[in-house]
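Here's the structure we're looking at; comments come further down.
The values are calculated or read from the model by the stated rules, or taken from the named source; none is laboratory data. Only a predicted model underlies this, so the values are computations on that prediction, with no experimental measurement involved. Backbone-built Cβ (ideal geometry, glycine too); neighbour counts: all protein chains shown.
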Amino acid sequence: MATTRREDTSNEETTNYAETPRRGNNYREMAKRETFKNFKERGEWVELRFMTQAIEYGFKVSKPWGDCSSYDVGVESNSRVIRVQVKSTTCRTGSGYLCQFKPNYFTEPYKLSQIDFFAAYVIPQDVWYLIPARILISGIRKEAIMVCPMRPLRKNRYRYERFREAWKLLRPRLRKSPKAKV
């Protein structure tokens, strides 16, 4: 079977999507039209969305082969790979969305030795929350949290809003070098 190749002969300017992350793309409308057969299919779609968004912010990403890893996506940060577990929600509750951070029923709870960050995608709002795993796992384990992307930030009320679109947390921090004594 022969395939024909169509060449793009348009003279349109190209857009640098690394400088214009996702807002021009109408993923919210696309998500409303999408129907997923099951949660696994939706999860795979959300993982692809995360990888796309991370690349648009200039990160390099990798995907572990198969379903055996405790994390979904690796994000390169200098010489380190940050292990990210990707979650999503469409569950509107009051003025926010309920997002669950527990693995499936057949696996053990997440451990800090397995993942570094959770990435929670609020599909109807097209908003990401990048939350360090230690916030949800260490101490009192949180299996679900409420995120409120459509309300303005109010201190002491919306605990996780500081992690909304917090892509900078995936970048390495610059360490201050100690000043040498003369």
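Side notes on the structure shown:
- Extreme residue, surrounded by the fewest Cβ atoms within 10 Å (Cβ to Cβ), among residues of the stretch 166-182 that are at pLDDT 85 or above and in a loop (DSSP other than H, G, I, E, B): Arg171
Okay, residues lined up against (1) among the β-branched types (Val, Ile, Thr); (2) in a loop (DSSP other than H, G, I, E, B); (3) under 16 Å from Thr52 (Cα atoms):
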| site | (1), (2), (3) |
| --- | --- |
| Asn104 | no, yes, no |
| Glu108 | no, yes, no |
| Lys111 | no, yes, no |
| Ile115 | yes, yes, no |
| Ala119 | no, no, yes |
| Ile131 | yes, no, no |
| Met146 | no, no, no |
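- Residue check for Arg42: at pLDDT below 75, of a type in the set (D, E, K, R), closer than 16 Å to Tyr121 by Cα and not in a strand (DSSP E or B): no
- Scanning the stretch 37-86 for residues that are in contact (Cβ under 8 Å) with a residue 60 or more places away in the chain, more than 23 Å from Thr107 (Cα to Cα) and aliphatic (A, V, I, L, M) yields a total of 2.
- Restricting the stretch 154-165 to residues that are modelled with pLDDT of 75 or more and surrounded by fewer than 17 Cβ atoms within 10 Å (Cβ to Cβ), the residue that is nearest to the chain's Cα centre (by Cα) is Glu165.
- Residues being small (Gly, Ala, Ser), at positive phi and in a loop (DSSP other than H, G, I, E, B) are entirely absent from the stretch 76-92.
- Test for Lys60: is it loosely packed, with under 11 Cβ neighbours inside 10 Å and either modelled with pLDDT of 80 or more or farther than 22 Å from Cys91 by Cα (or both): no
- When residues in the stretch 85-136 are screened for being surrounded by 19 or more Cβ atoms within 10 Å (Cβ to Cβ) and over 22 Å from Glu44 (Cβ atoms), 2 of them pass.
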